[in-house]
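The values are calculated or read from the model by the stated rules, or taken from the named source; none is laboratory data. Since we're looking at a predicted model, the values are computed, not measured. Cβ placement follows ideal geometry from the backbone for every residue including glycine, while neighbour counts extend to all protein chains displayed.
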Amino acid sequence: MTTTTLVAPISLSNDLLTGAEWSPPHTRELLHLSADIKARPVRYASTLHGKFIALIFEKPSLRTRVTFEVGIQSMAGAVVFLDHTQASASLGARESIADVARNLDRWVHGIVARVYSQRVLEEMAVNAGIPVINALSDKFHPCQALADFFTLEERFGALRGFKLAYVGDGNNVCHSLMYLAARLGVHLRIATPPDYAPAPEVIADSKRVARETKAKIELMHDPREAVTGAMGVYTDSWTSMGFEAEEAVRNQVFQPYQVNTELMSLATSDAVFMHCLPAHRGLEVTPEVLDGPQSVVLDQSENRMYVQKAILHTLF
Ligand code: CP
């Protein structure tokens, strides 16, 4: 894979809220920077010297919290962790989101936030001049999708024309994969049950960008059609955080979308299996696939750290 040294920050939007902020060339540059940071971490060991970054989490996390904390500290920055995972501590309860953002703006250099509602992130971004990074919301998970495409580029090289199938819920991860696939020239086939398709505005924006980049974003309901000939097969939990009340219904509706050895056999012989984790063995994926030789889920997890360091290097 090509690596470039990007010591000077790329000129980008101040925030990362969706994955649609950056132009196709800027998105590619960010992946190249991620590769350089992974190959030469010492070069970036002082990037965040003297910078304090607030991590706000309304939902549980393993990967996102650890990779941000380790990534920030490995670039000489400091983390201020704000635990909002208890209902009693939810954002906007003790004081408004705008006031939280305006106060943080006076003390720290950036905010990384995992929230229930995308609107919370947008309100923070409007009220704080410092960068706001989405660490997962109900609508988007851009850090995850960037790590996913970095993982694919690392393994397969240039992503233009790469055939990726996404099978399951048209959720936050799917939305950010769509935005980034469009910007990176990927051919993304998405198979969801009819009532669980991605949001219309995300489809519209992704297709608009795809026309410029020659990417392809296809929507369908048949998982077999999506996976046939794919070089990567991606799925996610059928019940994302915040939708637990729907779990029994979802487990029935999504059953035909389970990624198992039979479905994987329709992909190319060197296809990889992808999942953002945590995974539920026996539901969206069988243990044979998740723990099998085609699975790159731990590479995706590892690469969260490098793309997030690249995001921080770029925005701070
Ligand atoms: N994939 C992901 O965001 O993992 P966590 O929920 O553990 O952070």
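Quick grid of which residues meet (1) in contact with a helix residue (DSSP H, G or I) (Cβ under 7 Å, 6 or more places away or on another chain); (2) farther than 24 Å from D222 by Cα; (3) among the basic types (K, R):
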{"position": "S240", "(1), (2), (3)": "yes, no, no"}
{"position": "Q252", "(1), (2), (3)": "no, no, no"}
{"position": "Q255", "(1), (2), (3)": "no, no, no"}
{"position": "T261", "(1), (2), (3)": "yes, no, no"}
{"position": "M264", "(1), (2), (3)": "yes, no, no"}
{"position": "C276", "(1), (2), (3)": "yes, no, no"}
{"position": "S301", "(1), (2), (3)": "yes, yes, no"}
{"position": "Y306", "(1), (2), (3)": "yes, yes, no"}
{"position": "L315", "(1), (2), (3)": "no, yes, no"}
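Please list, ordered by residue number, the strands (runs of 3 or more DSSP E) wholly in the stretch 207-290 having 3 or more residues that are more than 16 Å from the ligand (Cβ to nearest atom).
216-220
Only one of these is under 12 Å from H313 (Cα atoms), surrounded by 15 or more Cβ atoms within 10 Å (Cβ to Cβ) and at pLDDT 95 or above: L48, L6, L12. Name it.
L48
Of the residues G129, G170, G92, which is crowded, with 20+ Cβ neighbours inside 10 Å and either more than 14 Å from the ligand (Cβ to nearest atom) or not basic (K, R) (or both)?
From the options G129, G170, G92, the qualifying one is G170.
When you scan the stretch 53-111, how many residues do you find that are of a type outside the set (A, V, I, L, M, F, W, C), in contact (Cβ under 8 Å) with a residue 40 or more places away in the chain and touching a helix residue (DSSP H, G or I) at 6+ places or on another chain (Cβ under 6 Å)?
Total satisfying the criteria: 3.
Taking only pairs six or more apart or across chains, which ones have beta-carbon atoms under 6 Å, a first residue in the stretch 155-176 that is free of Cβ contacts under 8 Å to residues at least 40 places away in the same chain and hydrophobic (A, V, I, L, M, F, W, C), and a second residue that is away from the ligand (no atom under 16 Å from the Cβ) and part of a loop (DSSP other than H, G, I, E, B)?
Once the first residue is free of Cβ contacts under 8 Å to residues at least 40 places away in the same chain and hydrophobic (A, V, I, L, M, F, W, C) and sits in the stretch 155-176, its partners that are away from the ligand (no atom under 16 Å from the Cβ) and part of a loop (DSSP other than H, G, I, E, B) give L159/V186.
How many residues does the stretch 18-44 hold that are within 16 Å of the ligand (Cβ to nearest atom) and either of a type in the set (S, T, Y) or surrounded by fewer than 21 Cβ atoms within 10 Å (Cβ to Cβ) (or both)? Spell out the reasoning first.
Applying the first criterion (within 16 Å of the ligand (Cβ to nearest atom)) to the stretch 18-44 yields 18-19.
From the residues that got through so far, the ones that are either of a type in the set (S, T, Y) or surrounded by fewer than 21 Cβ atoms within 10 Å (Cβ to Cβ) (or both) too are 18.
Residues that pass the stated criteria total 1.
Does the stretch 109-120 contain any residue that is among the β-branched types (V, I, T), away from the ligand (no atom under 16 Å from the Cβ) and over 20 Å from R304 (Cα atoms)?
Filtering the stretch 109-120 for residues among the β-branched types (V, I, T) gives 111-112, 115, 120.
Among the residues that remain, those that are also away from the ligand (no atom under 16 Å from the Cβ) are: 111, 120.
Filter once more, keeping what is over 20 Å from R304 (Cα atoms): 120.
Yes: the stretch 109-120 contains one or more residues that are among the β-branched types (V, I, T), away from the ligand (no atom under 16 Å from the Cβ) and over 20 Å from R304 (Cα atoms).
Counting only residues that are surrounded by fewer than 14 Cβ atoms within 10 Å (Cβ to Cβ) and of a type in the set (D, E), which one in the stretch 226-276 is nearest to E302 (Cα to Cα)?
D270
Return only the number of the condition from (1) crowded, with 19+ Cβ neighbours inside 10 Å; (2) among the hydrophobic types (A, V, I, L, M, F, W, C); (3) away from the ligand (no atom under 14 Å from the Cβ) that F316 does not satisfy.
The one condition F316 does not meet is (1).
Has the stretch 95-108 got any residue that is touching a strand residue (DSSP E or B) at 6+ places or on another chain (Cβ under 6 Å), farther than 14 Å from I311 by Cα and not in a helix (DSSP H, G or I)?
Keep residues of the stretch 95-108 that are touching a strand residue (DSSP E or B) at 6+ places or on another chain (Cβ under 6 Å), which gives 104, 108.
Remaining after also requiring farther than 14 Å from I311 by Cα: 104, 108.
Filter once more, keeping what is not in a helix (DSSP H, G or I): 108.
Yes, that holds for at least one residue.
Identify, please: which residue in the stretch 277-291 is under 26 Å from F150 (Cβ atoms) and among the hydrophobic types (A, V, I, L, M, F, W, C) and is, among those, surrounded by the most Cβ atoms within 10 Å (Cβ to Cβ)?
V285
Can you tell me how many residues within the stretch 45-73 are assigned to a helix (DSSP H, G or I), of a type outside the set (A, V, I, L, M, F, W, C) and either within 16 Å of the ligand (Cβ to nearest atom) or in contact with an Asp or Glu (Cβ under 8 Å, 6 or more places away or on another chain) (or both)? Steps first, please.
Going residue by residue through the stretch 45-73, those that are assigned to a helix (DSSP H, G or I) are 63-73.
With the extra rule that they be of a type outside the set (A, V, I, L, M, F, W, C), the set shrinks to 63-65, 67, 69, 71, 73.
From what's left, either within 16 Å of the ligand (Cβ to nearest atom) or in contact with an Asp or Glu (Cβ under 8 Å, 6 or more places away or on another chain) (or both): 63-65, 67, 69, 71.
Number satisfying all stated conditions: 6.
Please determine whether any residue of the stretch 191-206 is part of a loop (DSSP other than H, G, I, E, B), of a type in the set (D, E) and away from the ligand (no atom under 16 Å from the Cβ).
No, the stretch 191-206 has no match at all.
Go through the stretch 291-307 and give me each residue that's touching a strand residue (DSSP E or B) at 6+ places or on another chain (Cβ under 8 Å) and within 13 Å of the ligand (Cβ to nearest atom).
Across the stretch 291-307, the qualifying residues are V297, Q300.
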